[in-house]
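Structure first, then comments.
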Amino acid sequence: MSMALRLYLSNDTSARAAGAGLLADAWSERPEVQLIRTSSRGAFFLEPVVERDSPDGRLAWFRVIPEDLPSILSGRGGTPVRSIPFLMQQTRFTFANFGETEPLVLDEYQARGGLQGLETALRITPDAIIEEVRVSQLRGRGGAAFPVWNKWKVAQQAKADEKYVVANADEGDAGTYCDRMILEGDPFRLLEGMLICARAIGADRGYVYCRQEYPAAAATLRAAIHKADEAELLDVDGEFFPIEVVEGAGSYVCGEETALLESIEGRPGVVRAKPPYPAQSGLFGRPTVVSNVLTFATIPNILSWGGAWHAALGTEQSRGTMALQLGGRVKQPGLVEVPFGLTLRQVLDQFGGGMAPGSRFKAVQVGGPLGSLFPASQLDMTICYDAFAQAGAVLGHGGIVVYDHQTEMVDLARHFMAFTAQESCGKCTPCRIGSVRGVEILERIQAGSGTADDLLLLEDLGATMKAASLCALGGRAPYPVLTAIEHFPAEFRNRLRQ
Amino acid sequence: MQEQVKEILAQEKSKPPNILKALLLLQEQLGHVPVEAVPVIAHTLDVTTAQVAGVLSYYPDLRVSAPGRHLIRVCIGESCFANGCGRLLRTLQDSLRIDVGETAAGGRFTLETMSCAGNCALSPSMIVDRDLHGRLLPSQLDALLDHYR
């Protein structure tokens, strides 16, 4: 029998969009090839990537087309994965398995240290689990950066007939995709994090609220839940712990935790006033820990290696690593996991590789559609929660989008405000009415009939929305618009009626 | 239609009744949620028509009319904005002779935008039915759409 050569090819949605699906179709019938569909390493500028084993570890071929097969089979022209600078300079903990394993093979997950965190959690008391998370100083990675242990403690101490664990997989911030990668690429890591949380707070059920735009993620996760069930992992203190995947229906504000809970209950995703916080009264009025996918996926390592290990990474107030997601006009867009503490410039240069050919830097936006814009003069900003808070900005979910010289700031500002007008849940007036008024003003300026008073009005409107909105959508919406005006005033002035 | 709606809703057994799940199930099987069905949905789930209408009008993905045979959703998220999704969208509008939200003559395509496809490292992106396409150039669109008859 002739030995087929094992070739590794990502099955990640973006890798498939880059051409991995085409390669799989072209090669699936070739007897000399055995295709292993892995997660993606996140170096998306190189996808589709094909890898094979070698004495020096994996060898990789980049931007592969079907006709490249003969050279891959002969071993010509491959690059050792260990020598790819984009990957070498990263500190991969949460994303350590990416590109290595088949997402739905539990044995592979376990062989690389998976389930050790859960084993620890089952051995120690719930209080000890929460203590470990407290020592880790992990803060929520979805955007709000709230201390994770604190939510767990509140939910643990609440008295109720049922408690829930909810993973927020409604990754709506444009420019972010790390949750999608985890759901598709290492789903057992998310489940392990949720099970550890369930044991800590004494939860009865788990939910993953997954956005409709991620069908492959939902399907992979459901398959992973099935496998975890078969392996009898879905067990908390001797009771079956069911985990259900609930799909959204295209509403951005459902990524806000209380709107998300409303949506799981089947109602319009309208924000609830806080307090009470979900940890006190959440899903169906019961204590509920709601955390982002990336947050839960960070938990297993903290339990396996200890909270102190995690706390030793990063900066004073931002411990651990962050999954940064590069997009826009950088040369090398992709996933970058590094400890907090690098500057924006370092990330854009070392990992982004500078600007895409033909592009000149204009501004970078951090933290999704509600994040502030930074001009070239502010690139020495440190990537950590405090430095961003001091600058009135947010790190959000780690999305970093670079705009080049071709981006018109007035058009971009209108785009931001229109997004909020479209997505506002309508519960509070500043957001519902303010965003519509904001769009009207910016469209006036776009059309050349705006006046200097309109710019003052925008600032005024922004101040009201910041101060009086019920959630971060209205509260943060003015930031990208006002930072665009602050850093590129001439572009706005030039469009005013003379 | 009433019987068909009731039959489909019999598969949705959440307690208390879950309106969103029920509507998503209907849409999955009927292609859309007919407005005329709102009273029977409300009756079957034992909720008010206002509650059903509230959920139906709130979620962007719930549709009250059938889309064209193929649904094109152009991503207008920030990374796609930076990478020229505007040109992509205008090219589609011109070649299909429709605006966003409309269905082309003959019912072949419905054109929509979406706020992020999560494919930001391969911008600009669009989704046709369930197929994600990235690194798109306006010049590639004709050939791409030829695959969808």
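Each reported figure results from applying straightforward, stated rules to the coordinates on display, with no laboratory input. Here the structure is a predicted model, which means the values were calculated and not measured. Positions of Cβ are generated from backbone atoms using ideal geometry, with glycine treated the same way; all protein chains shown enter the neighbour counts.
Overview of values
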read-out: Within the range A:284-325, backbone nitrogen closer than 20 Å to the virtual label 7 Å beyond the Cα of A:THR125 toward Cβ; value: A:303-304, A:306-308
read-out: Viscosity 0.692 mPa s, 37 °C: Kirkwood-radius Stokes-Einstein D of the range A:409-493 over Cα pairs, µm²/s; value: 266 µm²/s
read-out: Around A:THR79: net Lys/Arg minus Asp/Glu count, Cβ-Cβ under 10 Å; value: +1
read-out: Estimated FRET transfer efficiency when R0 is 56 angstrom, pair B:SER95-B:LYS15 (beta carbons, to 0.05); value: 0.70
read-out: Label zone at A:PHE240, where the point sits 7 Å out along the Cα-to-Cβ direction: the range A:180-204 residues whose backbone N lies under 20 Å; value: A:191-192, A:194-196, A:198-199, A:202-204
read-out: Mean Kyte hydropathy of 0.5 or more with a Cα span along the axis of at least 18 Å, helices from DSSP in chain A; value: A:187-201, A:293-305, A:452-468
read-out: Size of electric dipole in the protein assembly as shown: Cβ of Lys, Arg +1 and of Asp, Glu -1, about Cα centre, debye, nearest 20; value: 1000 debye
read-out: Number of partner chain Cβ atoms within 10 Å, mean per residue of B:47-56; value: 2
read-out: Rel. contact order, % - alpha carbon contacts under 8 angstrom, at least six apart, the range B:2-58; value: 36 percent
read-out: Percent RCO, i.e. relative contact order, over chain A, from Cα pairs under 8 Å lying at least 6 residues apart; value: 14 percent
read-out: Exposure proxy ranking, count of Cβ atoms within 10 Å, fewest first, for A:MET465, A:MET381; value: A:MET381, A:MET465
read-out: Least to most buried among A:VAL401, A:VAL148, A:VAL436, B:VAL52 (fewest other Cβ within 10 Å first); value: A:VAL436, B:VAL52, A:VAL148, A:VAL401
read-out: Estimated inter-spin distance, A:ASP161 and B:ARG87, nm [label 7 Å along Cα→Cβ]; value: 6.1 nm
read-out: FRET E, pair A:MET3, A:ASP56, Förster distance 30 Å, beta-carbon r, rounded to 0.05; value: 0.90
read-out: Three-way shape call for the range A:106-311 based on the alpha-carbon gyration tensor, with the a/c threshold at 1.5; value: rounded
read-out: Förster radius 60 Å - calculated FRET efficiency between A:ASN494 and A:ASP107, Cβ distance, rounded to 0.05; value: 0.45
read-out: Loop sites in the range A:259-363: GluC sites (Glu not before Pro), DSSP, at most 13 other Cβ within 10 Å; value: A:GLU316
read-out: Shape of the range A:356-498, Cα gyration tensor, a/c cut at 1.5; value: oblate
read-out: Mean ellipticity per residue at 222 nm, deg cm²/dmol - from DSSP H runs of n ≥ 4 across chain A, formula -39500 (n - 2.57); value: -11000 deg cm²/dmol
read-out: Relative contact order of the range A:409-493, pairs being alpha-carbon contacts under 8 Å that are 6 or more residues apart, as %; value: 38 percent
read-out: Inter-site label distance for A:THR429 and A:HIS405 at 7 Å from Cα along Cβ, in nm; value: 4.7 nm
read-out: Longest site-free stretch - chain A; sites: trypsin sites (Lys or Arg not before Pro), DSSP loop, at most 14 other Cβ within 10 Å; value: A:160-359
read-out: Shape call, chain A: gyration tensor on alpha carbons, a/c limit 1.5; value: oblate
read-out: Helix-only [θ]222 nm of chain B, DSSP H runs n ≥ 4, -39500 (n - 2.57) each, per residue, nearest 500; value: -11000 deg cm²/dmol
read-out: Sparse-neighbour loop sites [chymotrypsin sites (Phe, Trp or Tyr not before Pro); the range A:396-457; at most 14 other C-beta within 10 Å; DSSP]; value: none
read-out: Neighbour-count order for A:VAL135, B:VAL47, A:VAL64, fewest beta carbons within 10 angstrom listed first; value: A:VAL135, B:VAL47, A:VAL64
